[in-house]
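As structure tokens, the structure follows; a few thoughts come after it.
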Amino acid sequence: MERSKALSIVKGQLTEHRYEHTLGVMETAIWLSKANGADEKKAEIAAIFHDYAKFRPKEEMRKIIIDQGFKQDLLGFNSELWHAPVGAYLVEKEVGINDHEILDAIRFHTSGRKGMTLLEKVIYVADYIEPGRHFPGVEEVRELAKTNLELALIKSIQNTIVFLMKKNQPVYPDTFYTYNDLVTKRED
Ligand SMILES: Nc1ncnc2c1ncn2[C@@H]1O[C@H](COP(=O)(O)OP(=O)(O)O)[C@@H](O)[C@H]1O
Ligand SMILES: [Fe+2]
């Protein structure tokens, strides 16, 4: 799909602020793809649609998770996690995108998962560091991403877990599995 068409579709789903964020994720995902040998076109489309379901009503998302048999444990955690798998589902159903690599990059952009693909890593990190993001620790991850996508991903996942824990918030366990998988595979 052409970038302009994809952007016009997603614009109707998002607030102005979230659309600006999406443009930042798109640009960042393209440069991360170039730097790491990922598929630039898939990264562009996954980035454009990653937050497609962000503003869907909670009850609509809950129903999709139940009816489609997605991981039911999601329902016991922050509903902020739901827009990722629901987005993958709706982007296929409503937009007609059926590339599984793109859909998985959308599906896992919030929680991560054990065994993330290169495209999933690109989208996760791009979402974290796009130029519109301003929070403690983001600059360190931006610096890491210039030379090492894997280390940038580990740091962003650590930050997310620590951020939630500092607020005494529950942490969806797949994010721990993602972290353990990434640090176990490393040799240094
Ligand atoms: N493992 C987790 N458990 C609970 N909440 C999480 C987890 N990982 C991320 N979140 C929360 O989900 C929210 C949405 O994350 P994300 O999709 O990455 O960003 P965005 O707000 O740009 O859509 C964030 O508030 C984040 O803190
Ligand atoms: Fe998101």
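The values are calculated or read from the model by the stated rules, or taken from the named source; none is laboratory data. Just so you know, these numbers come straight off a predicted model, no measurement behind them. Here Cβ is always computed from backbone atoms with ideal geometry, including for glycine, and neighbour counts include all displayed protein chains.
Of all residues in the stretch 107-154, which are among the hydroxyl-bearing types (Ser, Thr, Tyr) and surrounded by fewer than 21 Cβ atoms within 10 Å (Cβ to Cβ)?
Within the stretch 107-154, the first condition is being among the hydroxyl-bearing types (Ser, Thr, Tyr), and the residues that meet it are 110-111, 117, 124, 128, 147.
Hits for the stretch 107-154 are 117, 147.
Within the stretch 108-148, track down each residue that is outside any helix (DSSP H, G or I), small (Gly, Ala, Ser) and within 16 Å of residue 84 (Cβ to Cβ). If you could, list the steps in order and put the result at the bottom.
Going through the stretch 108-148, the residues outside any helix (DSSP H, G or I) turn out to be 108-117, 130-137, 148.
Narrowing the set further to residues that are small (Gly, Ala, Ser) leaves 111-112, 115, 132, 137.
Passing the criteria: 111, 112.
Looking at the structure I just gave you, is residue 53 surrounded by 15 or more Cβ atoms within 10 Å (Cβ to Cβ), under 30 Å from residue 184 (Cβ atoms) and at pLDDT 95 or above?
no
Kindly evaluate residue 96 against the criterion of being surrounded by fewer than 16 Cβ atoms within 10 Å (Cβ to Cβ), more than 14 Å from ligand 1 (Cβ to nearest atom) and under 24 Å from residue 1 (Cα atoms).
yes
Pairs needed: first member in the stretch 105-116, closer than 15 Å to residue 74 by Cβ; second member anywhere, more than 11 Å from ligand 2 (Cβ to nearest atom) and assigned to a loop (DSSP other than H, G, I, E, B); C-beta distance under 8 Å; at least 6 residues apart or different chains.
Partner pairs satisfying both residue conditions: 108/116; 111/172.
If only one of 105, 53 is touching a Lys or Arg at 6+ places or on another chain (Cβ under 8 Å) and within 14 Å of ligand 1 (Cβ to nearest atom), which one is it?
After ruling out the rest, the residue left standing is 105.
Report the residue count in the stretch 40-66 for those that are assigned to a helix (DSSP H, G or I) and over 14 Å from the mean Cα position of the chain (by Cα). Walk me through how you get there before you give the answer.
Within the stretch 40-66, the subset assigned to a helix (DSSP H, G or I) is 40-49, 58-66.
Among the residues that remain, those that are also over 14 Å from the mean Cα position of the chain (by Cα) are: 40-41, 58-66.
Residues in the stretch 40-66 being assigned to a helix (DSSP H, G or I) and over 14 Å from the mean Cα position of the chain (by Cα): 11 in total.
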